[in-house]
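What follows is a set of notes on a single structure, which appears directly below.
The values are calculated or read from the model by the stated rules, or taken from the named source; none is laboratory data. Only a predicted model underlies this, so the values are computations on that prediction, with no experimental measurement involved. Cβ atoms come from the backbone with ideal geometry, glycine included; neighbour counts cover every protein chain shown. Each accessible area value is taken on the protein alone, full model and side chains, heavy atoms only, with ligands, DNA and RNA left out. Shrake-Rupley method; radii C 1.70, N 1.55, O 1.52, S 1.80 Å.
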Amino acid sequence: MFCLAEIKDTVAVHPSNFGAPAEDALVSELNKKYANRVLHDVGLCICVFDIKQAGEGKVRYGDGFLWYKVVFRMVVFRPITSEVIIGKVKSSDEDSIRLTLGFFDDLYIPAAYLPQPSAFDPNERAHFWIPDSELTTKTELLETPTSERMYIDSGEVVRIRVESDEFYDDEPGPPKATEGVQVKREPKRAPYIVTCSIAEQGLGPVAWWNNAQEAGQEDDDMDQG
């Protein structure tokens, strides 16, 4: 889920930090610049791991800052394909479930990657699964008793498998106009999105499988008794 990325940059140290050790001042400035920032094809930057190289600080005329050429390693969030991680349901709509890790909120489970048969309940604003059901259509599933449904509710802790990730660079440009009429701008996508699935056994809300294990243990105890 986390890895180290080597980055080269030129960073300025503010005069107020001149009294601090050079490495501490550089780490502070690099964290200000990179922490919680998405680097295209690299991932979400968390914090500086270490500094591998740093040149001598040089004062640039006119600003009084000390400028350093540095090579450093950054702790980066970028899960690998097929990795299993734990997240929490943030919200749901008809197309997908959105998850959060606390520090990253752009993980999605598309409806196609949910266990089948499943459907979205607009009243509960949540997807549900009916195990071992032969029903296939959304209409049929929404007509089932709620007691038969296994909901994936907001706040639920979920075990997910990473399917893919994508980076986007949707820089807002000037509004377009067609024959004098301003065209509505498309909503900006998150710079980094991770697509996940819970279609396999053992994936999905952790409570599902904990309850199943407890039920299996009770059956074993009854058989032994």
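Each of residue 40 and residue 163 was given a label point 7 Å from its Cα along the Cα-to-Cβ line. The distance between the two points is 2.6 nm. With every protein chain kept in place and ligands, DNA and RNA left out, what is the accessible area per residue of the stretch 2-77? Probe 1.4 Å, answer in Å². For the stretch 2-77, the per-residue accessible area is 60 Å².
Atom-type composition of the exposed protein surface of the stretch 2-77 places 52 percent of the accessible area on carbon and sulfur (1.4 angstrom probe).
In this structure, the pairs whose alpha-carbon distance is over 19 Å, taken from 8/32; 33/69; 32/90; 32/69, are 32/90.
Working out 0.36 nm times the residue gap between residue 67 and residue 98, then minus their Cα-Cα distance, what length gain in nm do you get to one decimal? It would help to have the intermediate numbers written out before the result.
Numbers: separation 31, 0.36 × 31 = 11.16 nm, distance 4.15 nm.
Full extension from residue 67 to residue 98 adds 7.0 nm.
Sorted by packing (mean other beta-carbon atoms within 10 Å per residue), highest first, where do 134-146, 155-167 land? Let's see the in-between values first.
Working: 134-146: 11.8, 155-167: 16.4.
The densest-packed peptide leads the list: 155-167, 134-146.
Multiplying the sequence separation of residue 84 and residue 31 by 0.36 nm and subtracting their Cα-Cα distance, what value in nm do you get?
16.3 nm
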